[in-house]
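A.B. asks: Just dropping this structure here.
The values are calculated or read from the model by the stated rules, or taken from the named source; none is laboratory data. Keep in mind that this is a model prediction, so the values were computed, not measured. Cβ: placed from backbone, ideal geometry, glycine included. Neighbour counts: every protein chain shown. The area values use the complete protein model at the heavy-atom level, side chains included, leaving out ligands, DNA and RNA. Shrake-Rupley method; radii C 1.70, N 1.55, O 1.52, S 1.80 Å.
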Amino acid sequence: MFKIHKKILLLIFVFSFCLQINAQENLIINTYNRSSESLNGDWKYIVDPYENGFYNYRLEAFEDQENPGSSAFFMNAKPKDKSDLVEYDFDLSDSIAVPSDWNTQKENLYYYEGTVWYKKSFDYVKTNQDNRVFVYFEAVNYQSDVYFNGKKLGAHTGGFTPFNFEVTDLLKESDNFLVVKVDNKRIAEGVPTLNTDWFNYGGITRDVKLVEVPSTFIQDYFIQLNPENNQQIKGFVQLKGQDVSEKEILVTIPELKIKEKVVTNKEGIASIQIKSKKIKYWSTQNPYLYNVVLTVGADKIEDQIGFRTIKTQGQEILLNDEKIYLKGISIHEESPISGGRGSTIEDAQQLLNWAKELGCNYVRLAHYPHNEHMVRLADKMGILVWEENPVYWTIAWDNEETYKNAENQLSEVINRDKNRASVIIWSMANETPTSDARNVFLGNLAAHTREMDPTRLISAALEQTDYQGNPSIRTIHDDFADVVDVLSFNQYVGWYDGLPDKCGQLSWKITQNKPVLISEFGAGAKVGFHGDKLTRWTEEYQEDLYIQTLKMLEGIEQLQGFSPWILVDFRSPRRVLPKIQDGYNRKGLISEDGQKKKAFFVLKDFYDNKK
Ligand code: GCU
């Protein structure tokens, strides 16, 4: 009896796990190419440090009550009559811009970490009564609970990936109200965890839009060049709707004179395999994008997709079977225009223009998924991209919920960007301390990534150590180095580890037969502070560090590129040195107000002359 019981339990677990996967994969991809109504602009907000709008005085969640009552902020209640008691009013409260972070918008919220409620009222008339409507968030940092016309739509954890909820059955033609509870408190079991060297910007930090689709629509697709056959385009299209089986989808790529009909299975998935001998491959020199059109019933969506292969061969990285050297720079998602969390196409354009000016063909988007504009622009500009999951420093490796959170955030960015030719590397983590639990955690993330996307490379920013106890020889001694496709590590010889001349006093012994990238090196400098090259924080110190490091790196034969830390000075509460840091990490090659430091030109010269 017990044996059968166990089998039933196992079946239930597997079935619920599959459901959970499906639940994660409700993301509507490529919303930028869909007609949508933006909900950007002024929202009303209420700061709620005691979460008084979410819990009653006994700390019971209003949303768990049969009738939440008017005290719950998500009810957007008004007094029924002159005697009625309602102790909040969104419409009498202040406004805040969406998208952006509250820290740089509201001086009294600069260091605030807690809950802020957002409310947006709007009218909406569907273009077709049979259509479905979703509310789509590009990102909300960190924990969001979303309510529509007083009903809970769902919750999302993670500050850097998109999510959407259906509102079709709750939508009215007028006076809709969308309420979002945003909580950016850092928590030990979070992803990232309590300690990061970047600013914890809270808020609805990226675009919000209403996406209207036919009752049966194209929710997802993966259309890339077959890594094993560069004359074959392969992938799948996923339909969502009442009746998705046996549906004929037309895949056209007009420029290749491709018009292919594919048919969905009972899950609404149609696989694609299209041969073509005339593909112009996407590359950094020629970032060629094809217009791909998917049509089924009343739904039609277009995307601009580049076809290329990326693989490793021994110690080399091959783009379209040709060796490529990654001339990179690391970037944080801060707006060079408004100074807070970046989110606009103008922010992305400025950052990537600086990278191009520096001579880069590659950027490391640290330490979390950046907004979709960055990768779509990189596609157009021919810039290769490393995207990273915010598994940063001392994550709660033994916590199952933490792993699920990390895997979900990774799934969401892979889902969002899997059709972007520029994206070549999925990074599992940054500077994580080695342990058995951490190796299992990262190993599972890597296996999950390879299952979701076998067309790209896996890496992580690891740390270097002394070779067999000898501090003059450096090496990578990390079990995860055996899992990654590209061996990457951060090193700060000359900044945290001795002075710049130490670069000339040590050598590197990399034992893994893999391509090597250096994911970080750098030094801090306050722009305009000049002196001799041994005076810490001068532009001359930073310049000499780059000169010495570039010489040292020539000694690493497997080196296939690097992404110095970092393009622009960025905010970090960990950097408090008065008159120098003042709340900024100063390792940028450019100051936060756009002034280039001397080291910028050292790196530019190296890249411009690198064959
Ligand atoms: C680390 C870390 C970065 C940090 C940098 C620094 O390598 O990856 O997030 O900002 O060093 O100390 O400046």
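A.B. asks: Would you confirm, using the coordinates I've provided, whether Val413 is outside any helix (DSSP H, G or I) and open to solvent by less than 10 Å² (accessible area, probe 1.4 Å)?
C.D. replies: Considered against the rule, which asks whether it is outside any helix (DSSP H, G or I) and open to solvent by less than 10 Å² (accessible area, probe 1.4 Å), Val413 comes out as no.
A.B. asks: Taking the residues in the range 24-77 that are within 24 Å of the chain's Cα centre (by Cα) and in a helix (DSSP H, G or I) as candidates, determine which candidate is surrounded by the most Cβ atoms within 10 Å (Cβ to Cβ).
C.D. replies: Selected residue: Thr31.
A.B. asks: So, in the range 471-501, of the ones that are free of Cβ contacts under 8 Å to residues at least 12 places away in the same chain and not small (Gly, Ala, Ser), which residue ends up farthest from the ligand (Cβ to nearest atom)?
C.D. replies: By that ranking, first place goes to Asp497.
A.B. asks: Another question, if that's okay. Take the conditions more than 20 Å from Ile310 (Cα to Cα), more than 31 Å from the chain's Cα centre (by Cα) and buried (at least 17 other Cβ atoms within 10 Å of the Cβ) and apply them to Lys261. Does it pass?
C.D. replies: no
A.B. asks: Condition (residue is open to solvent by 20 Å² or more (accessible area, probe 1.4 Å), outside any loop (DSSP other than H, G, I, E, B) and more than 16 Å from the ligand (Cβ to nearest atom)) applied to the range 417-426: is it met by at least one residue?
C.D. replies: no
A.B. asks: May I pose another question? Mind checking which residues of the range 264-280 are surrounded by fewer than 20 Cβ atoms within 10 Å (Cβ to Cβ) and in contact with a Ser or Thr (Cβ under 8 Å, 6 or more places away or on another chain)?
C.D. replies: Matches in the range 264-280: Asn265, Lys266, Glu267.
A.B. asks: Would you mind listing the strands (runs of 3 or more DSSP E) fully within the range 131-170 where at least 2 residues are open to solvent by 10 Å² or more (accessible area, probe 1.4 Å) and without any contact (Cβ under 8 Å) to a residue 24 or more places away in the chain?
C.D. replies: Values: elements: 132-137, 143-148, 151-157, 163-166.
It comes to 151-157.
A.B. asks: Taking the range 339-369 as the region of interest, how many residues are assigned to a loop (DSSP other than H, G, I, E, B) and in contact with a helix residue (DSSP H, G or I) (Cβ under 9 Å, 6 or more places away or on another chain)?
C.D. replies: 9
A.B. asks: Follow-up. Which members of the range 189-209 meet the condition of being assigned to a loop (DSSP other than H, G, I, E, B), more than 13 Å from the ligand (Cβ to nearest atom) and either open to solvent by 20 Å² or more (accessible area, probe 1.4 Å) or within 22 Å of His373 (Cβ to Cβ) (or both)?
C.D. replies: Glu189, Leu194, Asn200, Tyr201, Gly202, Ile204, Thr205, Arg206, Asp207 - these are the residues of the range 189-209 that are assigned to a loop (DSSP other than H, G, I, E, B), more than 13 Å from the ligand (Cβ to nearest atom) and either open to solvent by 20 Å² or more (accessible area, probe 1.4 Å) or within 22 Å of His373 (Cβ to Cβ) (or both).
A.B. asks: Here is a further query. Regarding Lys106, is this residue surrounded by 15 or more Cβ atoms within 10 Å (Cβ to Cβ) and over 24 Å from Lys152 (Cβ atoms)? I'd like the intermediate steps shown before the answer.
C.D. replies: On the way: surrounded by 15 or more Cβ atoms within 10 Å (Cβ to Cβ): yes; over 24 Å from Lys152 (Cβ atoms): yes.
Against the criterion (surrounded by 15 or more Cβ atoms within 10 Å (Cβ to Cβ) and over 24 Å from Lys152 (Cβ atoms)), Lys106 qualifies.
A.B. asks: Sort out which residues of the range 472-505 are closer than 28 Å to Thr312 by Cα, over 28 Å from the mean Cα position of the chain (by Cα) and aliphatic (A, V, I, L, M), and write them in order of number.
C.D. replies: Ile473, Val493
A.B. asks: Those residues that are more than 20 Å from Ser283 (Cβ to Cβ) and surrounded by fewer than 24 Cβ atoms within 10 Å (Cβ to Cβ), I need them from the range 358-400; list them, please.
C.D. replies: His373, Tyr392, Trp393, Thr394, Ala396, Trp397, Asp398, Asn399, Glu400
A.B. asks: Restricting to the range 306-316, count the residues that are of a type outside the set (S, T, N, Q) and over 22 Å from Leu377 (Cβ atoms).
C.D. replies: 3
A.B. asks: In the range 437-457, is there at least one residue being loosely packed, with under 14 Cβ neighbours inside 10 Å, touching a residue at least 40 places away in the same chain (Cβ under 8 Å) and more than 22 Å from Asn408 (Cα to Cα)?
C.D. replies: no
A.B. asks: For Thr535, are the conditions met, namely being farther than 29 Å from Gln313 by Cβ and exposed (fewer than 15 other Cβ atoms within 10 Å of the Cβ)? Don't jump to the end; show me each part of the working.
C.D. replies: On the way: farther than 29 Å from Gln313 by Cβ: yes; exposed (fewer than 15 other Cβ atoms within 10 Å of the Cβ): yes.
Considered against the rule, which asks whether it is farther than 29 Å from Gln313 by Cβ and exposed (fewer than 15 other Cβ atoms within 10 Å of the Cβ), Thr535 comes out as yes.
A.B. asks: Considering each of Ile383, Ile414 in turn, give the residue that is more than 16 Å from the ligand (Cβ to nearest atom), within 22 Å of Gly190 (Cα to Cα) and of a type in the set (Val, Ile, Thr).
C.D. replies: None of the other options fit; the residue is Ile414.
A.B. asks: Among residues belonging to the range 549-598 that are within 26 Å of Ser459 (Cα to Cα) and assigned to a helix (DSSP H, G or I), point out the one that is nearest to the ligand (Cβ to nearest atom).
C.D. replies: Thr549
A.B. asks: Of all residues in the range 313-345, which are in contact with a Pro (Cβ under 9 Å, 6 or more places away or on another chain) and surrounded by fewer than 17 Cβ atoms within 10 Å (Cβ to Cβ)?
C.D. replies: Correct list: Gln313, Gly314, Glu316.
A.B. asks: Here is a follow-up. Any idea which residue in the range 461-470 is nearest to the ligand (Cβ to nearest atom), counting only those that are crowded, with 18+ Cβ neighbours inside 10 Å and under 33 Å from the mean Cα position of the chain (by Cα)?
C.D. replies: Filtering first and then ranking leaves Ala461.
A.B. asks: Please go through the range 246-305 and give me each residue that is touching a residue at least 40 places away in the same chain (Cβ under 8 Å) and among the acidic types (Asp, Glu), ordered by number.
C.D. replies: Hits for the range 246-305 are Glu248, Asp299, Glu302, Asp303.
A.B. asks: What's the number of the only condition in (1) hydrophobic (A, V, I, L, M, F, W, C); (2) under 30 Å from Pro390 (Cβ atoms); (3) surrounded by 16 or more Cβ atoms within 10 Å (Cβ to Cβ) that Ile249 fails to meet?
C.D. replies: (2)
A.B. asks: May I ask you to list the residues in the range 186-234 that are of a type in the set (A, V, I, L, M, F, W, C) and under 22 Å from Arg456 (Cβ atoms)?
C.D. replies: Selection gives Val191, Phe222, Ile223, Leu225, Ile233.
A.B. asks: Going by the structure shown, is Gln512 under 19 Å from Glu316 (Cα atoms) and surrounded by fewer than 22 Cβ atoms within 10 Å (Cβ to Cβ)?
C.D. replies: yes
A.B. asks: Now for a separate question. Just a yes or no: is a residue in the range 375-382 more than 20 Å from Leu225 (Cβ to Cβ) and touching a helix residue (DSSP H, G or I) at 6+ places or on another chain (Cβ under 8 Å)?
C.D. replies: Yes.
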